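Presented below is the structure to which this report refers.
No value in this document is a laboratory result; all are computed from the given coordinates. Owing to the predicted nature of the structure, the values given are computational and were not obtained by experimental measurement. Using ideal geometry, Cβ is built from the backbone for each residue, glycine included, and neighbour counts are taken over all protein chains shown.
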Amino acid sequence: MSRTKITSITSIFFSFLFVIVGCKNKSKEIIPEISDEQKIEKHSKKLNDWFETQFQEEIDDSPMMQTYLGVKTDDYGKWDDISSKKLVHDMDKSKKRLRYLKDSVDIEYLNKATSLSYRLMIQDLENSIQDFQYRFYDYPVNQMYGMQAEIPAFLINMHQIENKSDAEAYISRLKGIDELFTQQIENIKIREKNGIVPPKFVFPKVLNDCRNLITGKPFDESNNESTLLADFKEKIEKIEISEEDKIALITQAENALREDVKTAYDKLIHLLEDQQQRATVDDGAWKFPKGTAFYNNALMRTTTTDMSADEIHQLGLDEVARIHKEMKDIMTELKYEGSLQDFFKFMKEDEKFYYPNDKEGRAKYLKRATGLINNMKSRLDELFITKPKADIVVKAVEPFREKSAGKAFYQQGTPDGSRPGTYYANLYDMEAMPIYQMEALAYHEGIPGHHMQISIAQELEDIPKFRKFGGYTAYIEGWGLYNEFLPKEIGLYNDPYSDFGRLAMELWRACRLVVDTGIHAKKWTREEGIKYYTDNTPNAESDAVKMVERHIVMPGQATAYKIGMNKILELREKARTKLGNEVFDIREFHDIILTNGAVPLTILEELVDEWIESKTDVQKLPESLQ
């Protein structure tokens, strides 16, 4: 090839290359730069979409959660998988999600709300991975919770029947209880192999609950219908189907109860009767393998702080002493002569402080509790900006579980409001439900306590669902206890006895700090725990027994209330001090607490500090710019 030809080809090549490069440069010139604001919007949306996808995966994997949320799918007649293999599967998912968050998310380009969601999800995943070693460190069946009581309660309260298909799904769930209990029985056996066995007192209570559920028609020839059959019949009577269809459905339900439900409960009863023979009276978590490490970890998760067992124990002792002093001030106001213990005895024994232990007495309690909540509803504008759309109802705990259930509790409603929130009062023993504690209980479980907090979180529009429906015990129960106190600041508790009842409820939570750590870290016995309550509170002994037994089966959980309340009060006082009374607005403060969903106490402090700073910055501006 000639030199001229080579030069010509080379020239053409470089000309072509120049055109390509020129085109690329020109292409770059016409693509506009993405601003930081656009990057933040894009990355935040991508991560929030991912959060929603992960949450939906969890919902799709949980027929029971679907029902809790009021969602009906093809899984409406199914139960969750509660096998040990499922725990391993869930752990693998957590690890994959954590890798994605750490490797694939550019946190520099997240907006403030999404950045907080990122931090919370990272923390939740890391905690769940770390806690996997303790996955068998609980009692799946006990007097506080467990399939033996939760499953019938779920069917009664959660499974709505609006048509024939829903009724068939109810029957399908009745048939599935045998398999569900088979998984739970295996879980119990695994725990025993690992040295995790409930103490002796648990077994009679759980066995009693089990036997209650398989009493009445169609399990025996008595005139009374069993709890689940009565519920099913009551629900299908309200739907528009033919009498022939109703009879057929009832027959199917009766067969499922006899063949599947009875079999399931008989298997569980047999296992528990066998395990009962090997149970001991050792109550604390210290008896578990690595029990001390487990309990310290449980305290961290429950309180979302790094407080040690000793620090929590001492805080409890200090709070008990303070509240006793405030109680003595009320005694002085009432001109009561005698010791604090004498006053406790008076409050326990005087009939005027209790409704009768009969049907009429229970009806009076429920009516007044409803009235207290309705009155509080009318005062909310004084304390809150954001209020829940969802309604609330008051109910007595159902007979089948009232003997072992707690004093009172809240069951959240559905996000769309189709099922209201429920404040449950346990009226099994009216002596454990004194009139002077009614206000505090209603404010804690109902309004402005759990109902407001949980309903508002579910109704938030700018946070992902894992935050709407997630929870941190210290935040949730701290808010509940704080709201026992809050109504006093707007003139409620004007009866000294009711104010004493409020203090009695706070005292109860302070004692929890002492007794929980006493049992699990200091090897107190069940009897020592009961005595501490009866010596230091006006509550009935039956209250003390239930509370101590709750401590034993739920290590650390009861410490959350007082620690959470104290933190909210501490943050409120900090804000009031820094901003001054003229700038501090209690309604704005509560909005900061409520409109971010449940968060750890450490995060809550950051949010309040940011709010204080924002208010302080505004104060620094010239008046014309404020």
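Worth a mention:
- Between THR595 and GLN341, the simple spin-label model (points 7 angstrom out along Cα→Cβ) gives 5.2 nm.
- HIS551 sits among other residues whose Cβ lies under 11 Å from its own Cβ, and their net charge, with Lys and Arg +1 and Asp and Glu -1, is +1.
- The region of the chain that goes longest without hitting one of the GluC sites (Glu not before Pro) in a DSSP loop, each with at most 15 other Cβ atoms within 10 Å, is 34-161.
- Two-site label geometry, LYS86 and ASP36: point separation in nm, points 7 Å out along Cα→Cβ: 4.7
- Shown in residue order for segment 527-542 are the 3J(HN,Hα) couplings computed by the Karplus curve 6.51 cos²θ - 1.76 cosθ + 1.60 at θ = phi - 60°: 5, 5, x, 4, 5, 4, 5, 5, 6, 10, 9, x, 6, 5, 4, 4 Hz (x for Gly and Pro).
- Rounded, prolate or oblate (a/c below 1.5 giving rounded, otherwise prolate when a/b exceeds b/c) for segment 240-380 by Cα gyration tensor: oblate
- Gyration tensor (alpha-carbon) shape descriptor, segment 39-106, a/c threshold 1.5: oblate
- For segment 147-281: span of alpha carbons on each principal axis (Å, largest first): 54, 28, 22
- Percent of C-alpha pairs per 10 Å bin in segment 64-192, short distances first: 10, 30, 29, 22, 8, 0.
- For the chain, a Kirkwood hydrodynamic radius built from all Cα pairs, placed in the Stokes-Einstein relation at 37 °C and 0.692 mPa s, yields a translational diffusion coefficient of 119 µm²/s.
- The chain: relative contact order as a whole-number percent, Cα under 8 Å and 6+ apart: 15
- Highest mean packing comes first when the peptides 414-427, 550-563 are listed by Cβ atoms within 10 Å, giving 550-563, 414-427.
- For ARG419, the residues whose modelled amide H falls within less than 5 Å of its own, excluding neighbours fewer than 5 places apart on the same chain, are THR414.
- Student exercise, the chain dipole from Lys, Arg, Asp, Glu Cβ charges, in Debye to nearest 20: 1680
- Computed over segment 294-564, the Cα gyration tensor eigenvalues convert (square root of 5λ each) into semi-axes of 27, 24, 18 Å, ordered from largest to smallest.
- Centre-to-centre separation between the Cα atoms of segment 308-330 and those of segment 347-420: 28 Å.
- D_trans [Stokes-Einstein, Kirkwood Rh over alpha-carbon pairs] for segment 69-119, 20 °C, 1.002 mPa s, µm² s⁻¹: 152
- Listed values for segment 129-134 are Karplus-derived 3J(HN,Hα) couplings in whole Hz (6.51 cos²θ - 1.76 cosθ + 1.60, θ = phi - 60°), namely 5, 5, 7, 4, 5, 9, and x replaces Gly and Pro.
- Entries of LYS387/LYS574; LYS348/LYS407; LYS42/LYS112 with Cα pairs more than 18 Å apart: LYS387/LYS574
- When the C-alpha to C-alpha distance is required to be over 25 Å, the pairs from LYS102/LYS615; LYS45/LYS102; LYS86/LYS175; LYS364/LYS403; LYS102/LYS465 that qualify are LYS102/LYS615.
- For segment 118-167, the gyration tensor built on C-alpha atoms gives an oblate shape. Its axis ratio a/c (a ≥ b ≥ c) is at least 1.5, and a/b is not larger than b/c.
- Fewest-first sequence of ILE519, ILE161 by Cβ atoms within 10 Å of each Cβ: ILE161, ILE519
- The calculated 222 nm mean residue ellipticity attributable to helices in the chain amounts to -21000 deg cm²/dmol, summing -39500 (n - 2.57) over DSSP H runs of n ≥ 4 and dividing by all residues.
- In sequence order, calculated HN-Hα J values of segment 503-518 (Karplus, 6.51, -1.76, 1.60; Hz; x Gly/Pro): 5, 4, 5, 5, 4, 4, 6, 5, 4, 4, 4, 6, 6, 4, 5, x
- Amide H contacts under 5 Å for ALA396: ALA425, restricted to partners 5 or more places along the chain or on a different chain, H placed in the peptide plane at 1.01 Å from N.
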